[in-house]
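Handing you a structure now.
No value in this document is a laboratory result; all are computed from the given coordinates. Bear in mind the structure is a predicted one, so any value in this text is a computation, not a measurement. Cβ placement follows ideal geometry from the backbone for every residue including glycine, while neighbour counts extend to all protein chains displayed.
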Amino acid sequence: MPDLNTILIANRGEIACRIIRTARAMGYRSVAVYSEADADAAHVHAADMAVPIGPAPAAESYLCPERLIAAARRTGADAIHPGYGFLSENAGFARACAEAGLTFIGPPAEAIALMGSKQRARQAVEAAGVPCIPGYHGADQGDARLAAEAARIGYPVMVKASAGGGGRGLRRVGDPAALPDALRAARSEALSAFGSGDLILERALDAPRHVEIQIFADDHGNILHLGERDCSLQRRHQKVIEEAPSPAVTPALRAGMGAAAVRVARACGYRGAGTVEFLLDADGRFHFLEMNTRLQVEHPVTELVTGLDLVEWQLIVASGEPLPLGQDDIALDGWAMEARLYAEDTRAGFLPQTGRVLVWEPATGPGLRVDHGLRVGQTVSRHYDPLLAKIVAHGRNREEARRRLARAVEDSLLLGVRTNRAFLSAILRHDAFAGGAADTGFVERHLAGHETLTPAPPPLRILALAAILMHAATGLDGAAASGWPGWRNSAATPRRCRLACAGEHHELSLAVDARAAPMRFTARAGAEEEVIEILGMEAGRCSYIADGLRRSTRFVRDGGTLHLDDPSGAMAFEDATHQPAIHAEEAGSGRIAAPMDGAVVAVRAAAGERVARGQILVVLEAMKMEHPLRADIDGVVEEIRTAPGDQVRIRQLLVTIAAEAG
């Protein structure tokens, strides 16, 4: 039986912090590892020891088994917990740990390899009597063979990375013409994320539910399940909201899916925590999707409804002990929901965002839990997954859990990095979601055109407030109007202001009546007018009245940038009053700029080449995902200002196109 004392966590961010928390509670010492980008990260500060393992790119640090094992030897660690992502489902890493005399806190390498190959996994699962989705999982990876198999399966089809997960290397293809680009992009993402470009094809089910079963197994022949999680709320095949139990699962269906998941685990000789994922069709039939041979991102909802600590169970099993409970001892209490807070711009197609965390105040209260790895002052880098935090709520029933989670999402404040907070709130407050109607097509069906997904200028109320705070300058906290540069302590005098936000300029006039109590500002933009009454400012919070409603907004300055919070989303403003006026470039400008910080992985056009609107010109990689940049007009490429391997900044001009005459 292994004698564990010190555990190295081969991961970063919130999952590393979460593992460290349980390890400390159980009396284990913990070792963190970090790249150059994470030297001041929260998980580094949380651990008993921390070891640098290389440069910022994951391929040169967190994905290097030899560096991780060397770090374990250097610190005297006797076990490695891989968390999720990175090397958590890498059979070679699990074997390397065993060869180095280290306990790998996960399943046997053979089980990882079996379930990591979707072709072999499908064969094992079918042999165990578990239904699978029709598809192709063959060794012939040629485009011609994949095209023929897609035609046999019937469109639409799902193109998937054979070794993948988490939405990477995954494309839904609706017709044969779109297949070549989908295969190329999926292979590239899969190779970058998982080290293998092998693909599989599966029939795309219409609006299925994504329901998964948490299983646990030990070395004593015990395998049990801990109920299901519903992970149907997704965008771009990436989970956004998870809940346990599922509103679509009856006790009989739970028993059937649980028994099937246990058969899958037994068929691959499993040990430890794992998740068997199913798609539930409109007729209530379940189909095996894949098995994740690791702890899941969404494991907290299972912990809240079972009262168990799944990391504690992982450490118990890794120590050679039997599972603490049997199947009949598992009971579900209440309901739990989790929302994933991502660094992304939902109004720009969910593009990943980077920046420095200036304010981070996670919600607190009854039934709430926030798992995160954030520290004020740290930089959110383009090198890693954009997941920032998991906000989780527990209630006596689904409605109480939903209400608590919606409020917790809205109360969790992060300034300095744009997030999907408003988008999460829109989902949780939606009547259809409140009624339990969620499937993998929910976002496209219910939120198409929603304000959280549609580019729009900030409302005049927010522009006016930003201008007031921007020009308040040195006398921000409780200062009188006479102490504010540029304002007169007399009758209102209009002043022209120009603010830059997300690359666009917004003009307004702002007049202050400093004799009024409370101080009153009148903002005008075109025919629109807004009156703002400032009630007070202190400790980065402004209380004011607009439209007859009293409001309170948090803000923070970072050099010349003002970050301001609002229910519609956090925004960053710069004073552009004395800069030349510019306006947002409309679609069809022919000027293709980087929508985010990233690395150029491909350039698919050349100067002098004739291109068509929609044609892919450049492919960027950021936060482990590829993002194609397309021509917005028909024309001739005038200039290419980048090359593969370049690191580019947001709004950097990459390609210019001259429109065709006439």
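If the chain between R396 and E361 were fully stretched, how many nm would it gain, using 0.36 nm times the residue separation less the Cα-Cα distance?
Gain on extension, R396 to E361, equals 10.0 nm.
Here is a further query. Rounded to the nearest 500, what is the chain's calculated 222 nm mean residue ellipticity when only DSSP H runs of at least 4 contribute -39500 (n - 2.57) each, over all residues?
That comes out to -7000 deg cm²/dmol.
Okay, moving on. Rounded to the nearest 20 debye, what is the charge dipole size of the chain about its Cα centre when +1 sits on each Lys and Arg Cβ and -1 on each Asp and Glu Cβ?
Here the chain has a charge dipole of around 540 debye.
Taking the structure as given and computing Rg/Rh (Cα atoms, Kirkwood Rh), which label from (1) 0.99; (2) 1.09; (3) 0.96 fits?
(1)
Could you work out the local net charge near E528, counting Lys and Arg as +1, Asp and Glu as -1, over the other residues with Cβ closer than 13 Å to its Cβ?
Overall, the nearby charge balance is -2.
Sticking with this one: Would you tally the net charge around R347, using a Cβ to Cβ cut-off of less than 11 Å, leaving R347 out, and scoring K and R as +1, D and E as -1?
So the surrounding residues net to -2.
For the ranges 388-396, 605-613, 630-638, what's the packing order if you count other beta-carbon atoms within 10 Å of each residue, average per peptide, and put the highest first?
My ranking of the peptides, most packed first, is 388-396, 630-638, 605-613.
Could you work out the local net charge near L562, counting Lys and Arg as +1, Asp and Glu as -1, over the other residues with Cβ closer than 9 Å to its Cβ?
-2
Along the positive direction of the dipole of the chain (beta-carbon charges: Lys, Arg +1; Asp, Glu -1; about the Cα centre), which of V357, P180, V600 reaches farthest?
Final value for the positive-end residue is V357.
Still on this structure, I have one more. How far apart, in nm, are the 7 Å Cα→Cβ label points at E451 and R236?
2.4 nm
Could the peptides 121-134, 230-243, 370-383 be put in order, highest first, of the mean number of other beta-carbon atoms found within 10 Å of their residues?
230-243, 370-383, 121-134
What are the ³J(HN,Hα) couplings of region 49-54, residue after residue, when phi is run through the Karplus curve with 6.51, -1.76, 1.60 and θ = phi - 60°? Round to Hz, x for glycine and proline.
Whole-Hz 3J(HN,Hα) from phi for region 49-54: 9, 9, 10, x, 10, x.
Here's a follow-up. Find the centroid of the Cα atoms in region 70-119 and in region 264-290, then give the distance between the two in whole Å.
With region 70-119 and region 264-290 each reduced to a Cα centre, they are spaced 22 Å.
Could you pull out every one of the aspartates and glutamates with an alpha carbon less than 12 Å from that of K160, ignoring same-chain neighbours closer than 8 positions?
Within the straight-line limit of under 12 Å, K160 reaches these aspartates and glutamates: E189, D198, E202, E290.
Another one. Return the whole-Å distance between the Cα centroid of region 387-444 and the Cα centroid of region 160-215.
Using only Cα atoms, the two centres lie 26 Å from each other.
Each label point is 7 Å from the Cα along the Cα-to-Cβ direction; what then is the distance between the points at A437 and D547, in nm?
2.7 nm
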